[in-house]
Amino acid sequence: MKKIIIIWILLLCGGTTTIACDICGCGSGSFYLGILPDFNSKIAGVRYRYNNIRSHIGPGGSTSYLTTDERYHTAEVWGGWTFQDRVRVMANMPFHLIEKSNQEGLQRKSGPGDLMVQSLYRLLRHKGNLFKDNALVVQDLWLGGGIKLPTGKYMPSDKDESGKSANLFQLGTGSFDFMLLLMYDIRIQDIGLNLNSNYKLNTANRYDYNYGNKWSNSVQVYYKLRLHKHLLVTPNAGIQYEYAARDLDEGYPALNSGGQILFGSFGAETSYRKLALGGNWQPVWSQNLAAGAIKARNRFMLHLSFLL
């Protein structure tokens with residue numbers, strides 16, 4: 001029990017300072033999983049994510065002919081494989097459809113994004129009873145890292161040379177980026193707590209543009225409802241806090257980049273035999289992106305996965 005309390009406290013304290021997946025989970029290189037379906041060996045699936053923002057916002061939230069709505073649709077093929085119950089390898093390949101529209105018209109581009117590969121090692125797997133009653137306690141602690149490959153197309157011509165527009169209208173970052181991952185889960189009988197932390201270290205691409213480093217933490221509470229022998233429904237709720245450092249353009253801080261945002265998080269996971277279906281809706285609770293020049297809107301994610 002002491003191990004449970006110590007790990008819980010450390011992770012909750014560490015969750016007070018966090019960083020984001022691009023400026024607000026939008027654009028190239030964004031990364032958010034939600035609560036993963038339970039799997040002991042192999043899993044594969046597809047995931048759909050939608051984010052949208054409004055940029056070129058003036059003082060006090062005023063709009064002008066430059067004010068732009070940007071929408072990001074992402075479909076991902078992803079999978080994971082656990083070896084010897086200790087090592088887990090996961091990969092996801094995104095395909096983007098991104099749009100931006102203002103009084104000057106509509107621009108659209110689509111194509112593959114940046115491939116991500118992560119590897120995690122299970123540091124702790126514990127099952128036991130809580131004190132002297134029969135409440136079962138299960139906890140898992142995973143630590144790992146990953147790499148993002150520049151498989152998505154980066155177009156330097158789509159960067160606003162004036163620096164007044166965030167450089168988010170890209171299919172990829174054009175850079176090799178690295179991640180550190182921490183996942184912890186504790187469950188007492190059917191109620192559990194899930195914590196995820198992801199630090200993303202970005203490097204400069206060949207055009208000397210360096211997206212800011214990101215750090216993202218989520219805390220979610222869930223409850224497992226067994227409605228049938230093979231049917232399990234797990235509603236969950238929590239928060240996602242993200243922070244992004246400012247981008248560097250040829251070594252100089254880019255305007256309209258960086259910031260922080262706090263999302264609520266409400267979702268559910270459903271599994272039936274070897275099929276898993278889940279979703280997550282994240283309303284914006286507070287934000288300060290690019291000194292107020294960018295406003296994020298609510299985002300959501302859906303997935304369909306198969307246990308192999």
Condition first: open to solvent by 40 Å² or more (accessible area, probe 1.4 Å), over 24 Å from ASN198 (Cβ atoms) and modelled with pLDDT of 90 or more. Now tell me which residues in the range 228-243 satisfy that.
LEU231
If I filter the range 108-120 for residues that are charged (D, E, K, R) and modelled with pLDDT under 90, do I get at least one hit?
no
From GLY292, GLY258, GLY267, grab the single residue that is in contact (Cβ under 8 Å) with a residue 60 or more places away in the chain, in contact with a helix residue (DSSP H, G or I) (Cβ under 9 Å, 6 or more places away or on another chain) and open to solvent by 10 Å² or more (accessible area, probe 1.4 Å).
GLY292
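Output the number of residues of the range 259-293 satisfying the condition of being among the hydrophobic types (A, V, I, L, M, F, W, C), within 21 Å of TYR72 (Cβ to Cβ) and in contact with an Asp or Glu (Cβ under 9 Å, 6 or more places away or on another chain).
Of the residues in the range 259-293, the ones among the hydrophobic types (A, V, I, L, M, F, W, C) are 261-263, 266, 268, 275-277, 281, 284-285, 289-291, 293.
Checking which are within 21 Å of TYR72 (Cβ to Cβ) leaves us with 261-263, 266, 281, 284-285, 289-290, 293.
Those left that are additionally in contact with an Asp or Glu (Cβ under 9 Å, 6 or more places away or on another chain): 261-263.
Of the residues in that region, 3 qualify.
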When residues of the range 109-158 are filtered for being of a type in the set (D, E, K, R) and over 30 Å from THR203 (Cβ atoms), how many remain?
5
Go through (1) in contact (Cβ under 8 Å) with a residue 24 or more places away in the chain; (2) open to solvent by 50 Å² or more (accessible area, probe 1.4 Å); (3) more than 30 Å from VAL138 (Cβ to Cβ) and name the single condition SER64 misses.
(1)
Number of the condition not met by GLU250 [criteria: (1) on the phi < 0 side of the Ramachandran plot; (2) open to solvent by 20 Å² or more (accessible area, probe 1.4 Å)]:
(1)
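The values are calculated or read from the model by the stated rules, or taken from the named source; none is laboratory data. It should be emphasised that the depicted structure is a prediction, and the values quoted were computed from it without experimental measurement. We place every Cβ from the backbone using ideal geometry, glycine too, and count neighbours over all the protein chains shown. Just so you know, the surface numbers come from the protein's heavy atoms only, side chains and all, with ligands and any DNA or RNA stripped out. Shrake-Rupley method; radii C 1.70, N 1.55, O 1.52, S 1.80 Å.
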